[in-house]
Amino acid sequence: MCNFTLNWYQDKLIPKPMSQSIAPVLADKQIDTSPTLTFEEYRVYQGEIDVQYELYKGKLIPMPTATVLHIKICEYLVYQLQRYLAEHNLDLVVKTGLGVRTDEDKSRIPDVVVCTQSLLEQAAARPGAGILEFDEKPLLVVEVVSENRREDYVIKRGEYELANVPEYCIVDPKTGKQRIRLFALIEGEDGYTYTDFLPGEEIVSVVFPDLVLSVDEILNPPLVEGLIKAEQAQLQQLQTVEQRAERLAARLRELGVDPDAV
């Protein structure tokens, strides 16, 4: 038999050893050995300092460190929402860092939460982390998209819908994908319906229909400190005008002139 035919039979009939490149892949496969926590264990869990954890199917999920833009967006939304609630004299609060339980073994920490003051007080009265229970639903939760886009758009969306949160807002500042997506529970609809608001537009909330915010300002917000300074400057200017008007009125009275008749 010629060498070519012999080699062909050897290749077909004699099994070759498994490639060495496969072994490291199998050896490196990660096995989750972390403990599974109950919700009550999670509520009182003390982990690393300055690290916040969410709970997903009983597993601790460390939250990534926020970017400066992420922080600015959250602060801007808190500022605008607090002003809105005060102007409309609503018994609601706006908080960051407040947990929302979404299922038996799941709990999230949205970037911004709007709930009633009474619900916040109930959460404060319980030991451990501040978390709204499954039946203590907030009116609005906001998530600013980070690296794990699927988590915000798919996984958390499903959890907030299951928890019957009336409105879930996703702020997506990623270049090329900038938008604000509002999921809302609409009467007569099964589950969430959503609307996308793009740069150049203003958002229209279902829960707060009188709240008007620019998409551009939310995605690229000014510093809250600057907004507060501008408000203080306007207030001082108004006080100065009022003081001048009072002095003028007093002077007219001294001259025997009724300032109200002028």
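Since every read-out is calculated from the coordinates, none of them should be taken as a lab result. Keep in mind it's a predicted model, so treat the numbers as computed, not measured. All Cβ positions, even for glycine, are placed from backbone atoms using ideal geometry, and neighbour counts span all protein chains on display.
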### Message
Given a 10 angstrom Cα cut-off, can you work out which residue in VAL112, VAL142, VAL212 is the most mobile in a GNM of the chain?
### Response
VAL212
## Note on the structure
Counting only residues 5 or more apart in sequence or on a different chain, those whose built amide H sits under 5 Å from that of LEU139 are VAL114, CYS115, THR116
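Residue separation times 0.36 nm, minus the C-alpha to C-alpha distance between GLU147 and VAL212: what's the value?
Extra length available between GLU147 and VAL212 comes to 20.6 nm.
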### Query
Which residue, LEU235, LEU140, LEU85, has the most motion in a Gaussian network model of the chain that connects Cα atoms within less than 10 Å?
LEU235
### Pairwise Lys count, the chain - Cα closer than 23 Å, eight or more residues apart or different chains
22
### Message
I'd like the Karplus ³J(HN,Hα) series for region 139-153: coefficients 6.51, -1.76, 1.60, θ = phi - 60°, whole numbers in Hz, and an x wherever there's a Gly or Pro.
### Response
7, 8, 10, 10, 10, 9, 5, 10, 6, 8, 5, 4, 5, 6, 7
### Message
Take ILE186 and LEU227, extend 7 Å from each Cα along the Cα→Cβ direction, and tell me the distance between the two endpoints in nm.
### Response
2.8
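Taking 0.36 nm per intervening residue step and subtracting the Cα-Cα distance, what contour gain separates ILE155 from GLU87 on full extension? Write out the running numbers ahead of the final one.
Working: separation 68, 0.36 × 68 = 24.48 nm, distance 3.45 nm.
The span from ILE155 to GLU87 would gain 21.0 nm if fully extended.
What is the chain's relative contact order, in percent, from Cα pairs under 8 angstrom and six or more apart in sequence? If you can, show how the numbers build up before the last one.
Working: 326 pairs, mean separation 32.0, N = 262.
Relative CO of the chain lands at 12 percent.
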### Query
Can you give the FRET efficiency for ASP103 and GLN237, using 1/(1 + (r/R0)^6), R0 = 51 Å, r = Cβ-Cβ distance, to the nearest 0.05?
0.50
### Query
What full-extension length gain, to one decimal in nm, is calculated for ALA124 and ALA261 as 0.36 nm per residue of separation minus the Cα-Cα distance?
43.7 nm
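Thinking of region 66-222 as a set of Cα atoms, what percent of all their pairs are more than 28 Å apart?
On the way: 1787 of 12246 pairs.
Looking at region 66-222, the distances longer than 28 Å represent 15 percent of pairs.
Enumerate the helices in the chain for which the Kyte-Doolittle hydropathy averages -0.5 or more and the C-alpha atoms extend at least 20 Å along the helix's axis, using complete DSSP H runs.
Working: long enough: 68-87 (29 Å, 0.37); 224-254 (45 Å, -0.66).
Both cut-offs are met by 68-87.
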